[in-house]
1. Any idea how far apart residue 232 and residue 464 come out in nm if each label point goes 7 Å out from Cα toward Cβ?
2. Tell me the label-point distance for the pair residue 104, residue 201, using the 7 Å Cα-to-Cβ offset, in nm and rounded to one decimal.
3. Sequence neighbours fewer than 8 away in the same chain don't count; with that in mind, list the aspartates and glutamates whose C-alpha is under 14 Å from residue 132.
4. Take each of the peptides 310-321, 238-249, 64-75, average the number of other beta-carbon atoms within 10 Å over its residues, and list them starting from the highest.
5. Calculate the translational D of segment 260-352 in whole µm² s⁻¹ from Stokes-Einstein, where the hydrodynamic radius comes from the Kirkwood formula applied to all Cα pairs, the temperature is 10 °C and the viscosity 1.306 mPa s.
6. Could you order the peptides 436-442, 343-349, 302-308 from most to least packed, using the average number of other C-beta atoms within 10 Å per residue?
7. Express in nm, to one decimal, how much length is gained between residue 475 and residue 315 on full extension, taking 0.36 nm for each residue of separation and deducting their alpha carbon distance.
8. In the calculated pair distance distribution of segment 388-478, what percentage of Cα-Cα distances lie above 20 Å?
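The numbers here are math on the coordinates, done by the rules we state, and not lab data. Worth saying up front: this structure is predicted, and the values here are computed from it rather than measured. Please note: Cβ atoms are built from the backbone with ideal geometry, for glycine as well, and neighbour counts cover all protein chains shown.
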Amino acid sequence: MSLLFVSLAVALIGCANPSPTPSPSASRTPMPTVTSKPGVFNVIGYGAVGDGATDDSLAIQRAYDAAYAYSAGGAPSMVLFPAGTYYVATPWTLNPIRTNDYWDSSTDAPVASATYLCRGIVTFKGYGATIKYTSSDTRFCWLESPNPIPAGTTYGNLVVEGFFVEHSDRHPGAVCGSVLWLTGQGNVDNVTVRDCSTDANLPRANSSDNVGGVVVTGGASTAQMGYFRDINVDDNVIHTPGQNVIVYDFNAVHSHVVDSVNVNGNVLDQMDCTGSNVMIGGGSRGWRCTATNNDCSNSNDDGIEIDAFNQTTITGNTFHRVRQFILLTRFALPYKVTVPLTDIANNTYSGACGPYQKYGGAAGGLRSPCIEMRANAPGGVYLMPPNWGDVVINDLVSSYTGSYAIHRPLVTLAGPMNSVTISDVNLTDPRGGTVVSIHPQSGGVSPLPVTIQGFTYNGKPLTMADVVAPGCQVTLLP
């Protein structure tokens, strides 16, 4: 039996200059490194200038290709960026670490796991270095895979650390990633992005189609299952109008396993656009993920959205001016056929609710729940997920302001459950309407026992008139 703890303490607190014309930074003749340390490949030694005006893309690729070749036998390598501003105007792509690779459900691992580290990790190290984009690009990232990654091909064994990304000049419709972009039908394995930051001046094309931060996406209708695993995004500061961090399978046939995704200690600003600060899962088969100690702000969608995982941890996060701060969904089914283990605790919220652009934006908008668990696939088709288990929600305080065209209940739970306990809650919402909505599905306990204690709504004790809970046995306690 699982135990879902939700502890939320909430308090209400109340275009750039065009880039210079790029010029090639070096010829295609290989150049020596400027360091004799084995495994370290300095981009300056491969022709990079770092003056913010010269196109350093080709030099960066040369240094990376040398590091990649050095790591072929398993040795780690580093692409080193001395302090400077590296102007990137020409797309280039990372190289694969494995081919003929897919997920083996019989071993819960890739088929090539025996050679997991046969190719060494390549680290891009840029403490004191700035990556500067051109204004003429439409869809590319300074670190990207081929688009799309072919099925059965794996990219990864990669660390990116210490860079500042200046993307205020890039094209506003460049729907991709600014820090890292890996997308396609294949696999991503063993990737870490840490201590990176972006400027906060990236223009946006519209309310929803914009540049993201760390982007790992894919999905394919193939006979063999792909995977995204061991993806770590830690201690970054990311300002993007697209999703700040996304690890997502957009295919509805559950073609990828997503496992061991960890998003921890980041400052994430979604710049008042539609798209979650953190978005993990989608149509994937989720196994394990963690989102802890993140500061999520200015999203007209969700703060943290996690879809269909067996083990989920969402703790110690702060949210400010997001439409809905935590959403658990079932756009697909979890990887394991077990009762989920979910820990949601010690999260805080402040600020007004941002309008959901898909429901009228500033003209109307959608006021969403503080916490929502639902079980629907794209197109509104309801799935029968594994049991949510025992749901425990406590220490929730939230105050909404403003007027919205559509209001949803502040606590919304749907799916198979064994029990629900809600305690020590203080909610304020001038619009009124249903406050708690619980809709059990087959597969859980029936009738579903629900205990609500110490729940205050608009300064008064919650009453049964505020609750919609068909198929439940509800007990209200002072």
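1. Rounded to a tenth, the inter-label distance reads 5.3 nm.
2. 5.2 nm
3. Cross-link targets: 51, 55, 56, 166, 169, 199.
4. 238-249, 310-321, 64-75
5. 122 µm²/s
6. In descending order of packing, they fall as 302-308, 343-349, 436-442.
7. Extra length available between residue 475 and residue 315 comes to 54.8 nm.
8. Everything past 20 Å amounts to 33 percent.
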